[in-house]
Amino acid sequence: MLKLKEKNVKLFSIIIGLMFIGSVVAIALTQSGAGVASAADKGAVGVIDARQVMSQHPDRQTVESQMQAAADEIRKDFEEKSKGMNDQEKQDYLQQSQQRLLQKQQELVEPVEQSVQDAVKKVADTKGIGVVLDKSVVVYGGQDITQDVINKLSKK
């Protein structure tokens, strides 16, 4: 059961990363409709390496430790409460536990994502950039503002 939980924590960590990247791309795409016209006015498109920004975010270790503590607490709770359950009840309770873990993950990651989005906007505004995309979706071009965003987050 412990190995199953460790796999789940790793899976959830990957999901967090993908959710973050997806949200950055989604924000970029939703703003690109209005932003494309303003990008022509501002004259630049920026790119960021979202993975690098997240890996160097000042709150990353705090969020990871809180997430690990939540996972440990949920695992311990599951182990205690599932002792007298049949297989179906265990499966149902496992799904509930995973859902609680996902909710906790969202609670912890949301403020980090918001701080990244705020930093991206501030850096882009300062540099006159109208559109910012994740580096992974850009084939060619764009001004890389990754380090500027990291620096802005570090100063908070």
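A few notes on this one:
- For Val45, the stated conditions hold: it is at pLDDT 90 or above, over 18 Å from the mean Cα position of the chain (by Cα) and either open to solvent by less than 50 Å² (accessible area, probe 1.4 Å) or closer than 22 Å to Ile150 by Cα (or both).
- Total residues in region 104-147 satisfying the condition of being touching a Ser or Thr at 6+ places or on another chain (Cβ under 7 Å) and farther than 19 Å from Glu64 by Cβ: the figure is 2.
- Among residues of region 43-59 that are assigned to a helix (DSSP H, G or I), those with a beta-carbon under 7 Å from a residue that is open to solvent by less than 60 Å² (accessible area, probe 1.4 Å) and at pLDDT 90 or above at least six positions away or on a different chain give the pairs Ala50/Asp134; Gln52/Thr146; Val53/Val116; Val53/Thr146; Val53/Val149; Val53/Ile150.
- For region 66-95, a residue qualifies if it is farther than 25 Å from Glu110 by Cβ and of a type in the set (Asp, Glu), and the qualifying residues are Glu79, Glu80, Asp87, Glu89, Asp92.
- Checklist (1) at pLDDT below 90; (2) open to solvent by 40 Å² or more (accessible area, probe 1.4 Å) applied to Ala39, failing item: (2)
- The number of residues in region 94-142 that are assigned to a helix (DSSP H, G or I) and surrounded by 19 or more Cβ atoms within 10 Å (Cβ to Cβ) comes to 11.
The values are calculated or read from the model by the stated rules, or taken from the named source; none is laboratory data. What you see is a predicted model; the values in this text were computed from it and never measured. Because the Cβ atoms are built from the backbone with ideal geometry, glycine has one as well, and the counts that use them run over all protein chains shown. Just so you know, the surface numbers come from the protein's heavy atoms only, side chains and all, with ligands and any DNA or RNA stripped out. Shrake-Rupley method; radii C 1.70, N 1.55, O 1.52, S 1.80 Å.
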